[in-house]
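Below is one structure, written out as structure tokens; the observations come after it.
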Amino acid sequence: MKINYTRILCLATVAFLAGCKQDKENTNTITGDEIKSHIAVLADDSLMGRKPFTAGETKAIAYISSQFKKEGLEPGNNGSYFQDVPMVEVTSRPSATMAVNGAKGNISLNYLTDFVASTRREVDAVQLTNSPLVFAGYGVVAPEYHWNDYAGLDVKGKTVVVLVNDPGFKSGDAKLFKQDTMTYYGRWTYKYEEAARQGAAGIIIVHQSEPASYGWSVVANSFTGAKLYLQQQDKHMSRCKVEGWITEDAAKKLFAAAGITGDFRAIARKKDFKAIPLNLNATLTVHTKLKYSTSHNVIAVLKGSTTPGECILYTAHWDHLGIGKPDAKGDSIYNGAVDNASGVAAVLNVAKAFAQLKEKPKRSIVFLAVTAEEQGLLGSEYYASHPIYPLNKTVADLNMDALGNYGETNNFAITGKGQNDLEDYVAEFTKADGKKITGDKNPGAGGYYRSDHFNFAKVGVPALDMNNGAESTAHGEAYGKQKQKEYGEQHYHQPSDSYSTDMDANGMAQVANLLFKVGNKLANETNFPGWKNGSEFKAIREKSMEKK
């Protein structure tokens, strides 16, 4: 790969010199200025928003790999700093209406206002023709919770209609799943996967704003148009023909025609619930347009001194949204300074801290900057299904995504708190520093399943994602909450998420330093942290470790 580094490295040099204020005798302490030096480069307009398959990708991955090389880290993929990630872009174009026919009359659902639908199958078109509709509750098979919505149900050729979230949400029953904290069984991605495993022809999720944690407009915007997926040998033919959503009002019409009224969620969360045939048939065609491309993960390794076959993994996604709709100021470059140049900058500085240790860690440290997180966590999914280092010898994944840019805090927030033993390591260091730990502010939204660490959790690797809490050290909690709200409402996925010399990256450095300490401890012991009782990933890890 021949890259013109001139502009990139000039930017890096200028910004880095401004940040080199730390004590030379304390070179392993990561500073906010060091973090900013990398953000300044990665969020520069010349990288055009770091969208996969663009010149912005080429520049971004060249910069990241050059920094790994600069710190003396070895290429992580058999002599290369890159891992190819082959993808397919599928543009789904459903018919204008979904025809639903039954003995008591016909129902016509309109695209976008009543339903959305797509396919992952790499064919010109897919079709449901008079596919029988079945209400399969939450669409969950969860042995650890003694729950199976598909028990005794043959869905071959049928389309299942299922509810979003899981049975525990707003149930008032502390023993039902994790009550208001979403498990993976509540995520729409799981429901699509399970319906495919069951052999359904199609799956339709009923949207409700409270259990989904977002409105119908998010569904209409997110599940339409071109979508990237990882290329699969079977060309995704094992997936359902059609994957879609319907509005709550549309669902009420379908259920009413089948004689189902009242609270769907209450009906489906009953422990004796059995799938209900709706005695309706759906017909829908989805045409497709296909495009194939390859993106790249960036990977480097610091080999362990005594047990190099075991590794600690640090992850962050390098991609963002590229060039899009201009904002009020005419800016159309979505630079993603916080999301997620901040996480990549933190990983680069953690890599530097490890490289400068006088005594190398016993286990290997692997640094992985992944692609296409914004397209559905695809780079991390590809690595997890094509691991370069054995998963059952990967001790932990420590992920950093969109770190707080409002300065140091007195607390840290663990995404999906209560999942695994890595939280105990965090607690050890935060307690020593007089800091506190909090969990998700909205546990029902399933935040644990929305960043790259999740793909490692899915294959059993204990995975941690954390960020600064809201309690600003300098200005108090109200200030921190306001800054979080301001970012979410005004800057998240907007051109205004850009680099500024006024950016306060000291909180980002806090997270980086904390996870450096956690990783260093893990790298110098023989213990393998596990999943806590009740985690949906515990059995996967235990089975994996039997083969270790």
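The values are calculated or read from the model by the stated rules, or taken from the named source; none is laboratory data. Owing to the predicted nature of the structure, the values given are computational and were not obtained by experimental measurement. Neighbour counts are summed over all protein chains in view; Cβ atoms, including those assigned to glycine, are modelled from backbone coordinates with ideal geometry. Protein only, heavy atoms only, side chains kept; ligands, DNA and RNA dropped before computing areas. Shrake-Rupley method; radii C 1.70, N 1.55, O 1.52, S 1.80 Å.
Go through the stretch 1-114 and tell me which helices (runs of 4 or more DSSP H), entirely inside it, have 3 or more residues that are at pLDDT 95 or above and touching a His at 6+ places or on another chain (Cβ under 9 Å).
Working: elements: 6-19, 32-42, 55-70.
Filter on the stretch 1-114 gives 55-70.
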Complete set of residues in the stretch 455-488 that are among the aromatic types (Phe, Trp, Tyr) and closer than 30 Å to Ile540 by Cβ: Phe456
Here are Ala282, Ala328: which of them is surrounded by fewer than 21 Cβ atoms within 10 Å (Cβ to Cβ) and over 30 Å from His386 (Cβ atoms)? Ala328
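Does Gln510 satisfy being touching an Asp or Glu at 6+ places or on another chain (Cβ under 6 Å) and assigned to a helix (DSSP H, G or I)?
Values: touching an Asp or Glu at 6+ places or on another chain (Cβ under 6 Å): yes; assigned to a helix (DSSP H, G or I): yes.
Against the criterion (touching an Asp or Glu at 6+ places or on another chain (Cβ under 6 Å) and assigned to a helix (DSSP H, G or I)), Gln510 qualifies.
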Residues of the stretch 122-142 classified as in contact (Cβ under 8 Å) with a residue 60 or more places away in the chain and either outside any loop (DSSP other than H, G, I, E, B) or in contact with a Pro (Cβ under 9 Å, 6 or more places away or on another chain) (or both), total: 14
Tell me the residue from Glu542, Glu536 that is part of a helix (DSSP H, G or I) and more than 30 Å from Lys352 (Cα to Cα), please. Glu542
Could you give me the residue pairs with C-beta distances under 8 Å whose first residue belongs to the stretch 248-271 and is of a type in the set (A, V, I, L, M, F, W, C), whose second residue is assigned to a loop (DSSP other than H, G, I, E, B) and open to solvent by 20 Å² or more (accessible area, probe 1.4 Å) wherever it lies, and which are 6+ apart or on separate chains? Ala250/Asp114; Phe255/Thr261; Ala257/Lys104; Ile267/Phe273
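A quick yes/no check of all residues on (1) β-branched (Val, Ile, Thr); (2) in contact with a strand residue (DSSP E or B) (Cβ under 9 Å, 6 or more places away or on another chain); (3) more than 25 Å from Gly105 (Cα to Cα); (4) assigned to a loop (DSSP other than H, G, I, E, B):
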{"position": "Leu228", "(1), (2), (3), (4)": "no, yes, yes, no"}
{"position": "Ala250", "(1), (2), (3), (4)": "no, yes, no, no"}
{"position": "Ala256", "(1), (2), (3), (4)": "no, no, no, no"}
{"position": "Ser293", "(1), (2), (3), (4)": "no, yes, yes, no"}
{"position": "Thr315", "(1), (2), (3), (4)": "yes, yes, yes, no"}
Does the stretch 214-224 include one or more residues that are over 24 Å from Thr288 (Cβ atoms), open to solvent by less than 10 Å² (accessible area, probe 1.4 Å) and outside any helix (DSSP H, G or I)? no
Across the stretch 530-548, what is the total count of residues that are touching a residue at least 24 places away in the same chain (Cβ under 8 Å) and open to solvent by 100 Å² or more (accessible area, probe 1.4 Å)? 3
Output for the stretch 463-497, where each listed residue is among the polar types (S, T, N, Q), open to solvent by 20 Å² or more (accessible area, probe 1.4 Å), within 20 Å of Arg450 (Cβ to Cβ) and not in a helix (DSSP H, G or I): Asn467, Gln494
Of the numbered conditions (1) under 15 Å from the mean Cα position of the chain (by Cα); (2) farther than 19 Å from Asn506 by Cα; (3) in contact (Cβ under 8 Å) with a residue 60 or more places away in the chain, Gly447 satisfies every one except a single condition; which is it? (3)
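The rows are residues; the columns are (1) open to solvent by less than 40 Å² (accessible area, probe 1.4 Å); (2) acidic (Asp, Glu); (3) within 20 Å of Val242 (Cα to Cα).
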residue	(1), (2), (3)
Val90	yes, no, yes
Ala96	no, no, yes
Lys104	no, no, no
Ser108	no, no, yes
Tyr111	no, no, yes
Phe115	yes, no, yes
Glu122	yes, yes, yes
Val134	yes, no, yes
All-but-one check, Phe456 against (1) open to solvent by less than 20 Å² (accessible area, probe 1.4 Å); (2) free of Cβ contacts under 8 Å to residues at least 24 places away in the same chain, failing number (2)
Only unsatisfied item for Val286, checking (1) over 16 Å from Leu112 (Cα atoms); (2) part of a strand (DSSP E or B), is (1)
Being of a type in the set (Ser, Thr, Tyr) and at pLDDT below 95 is the requirement here; does Thr181 meet it? yes
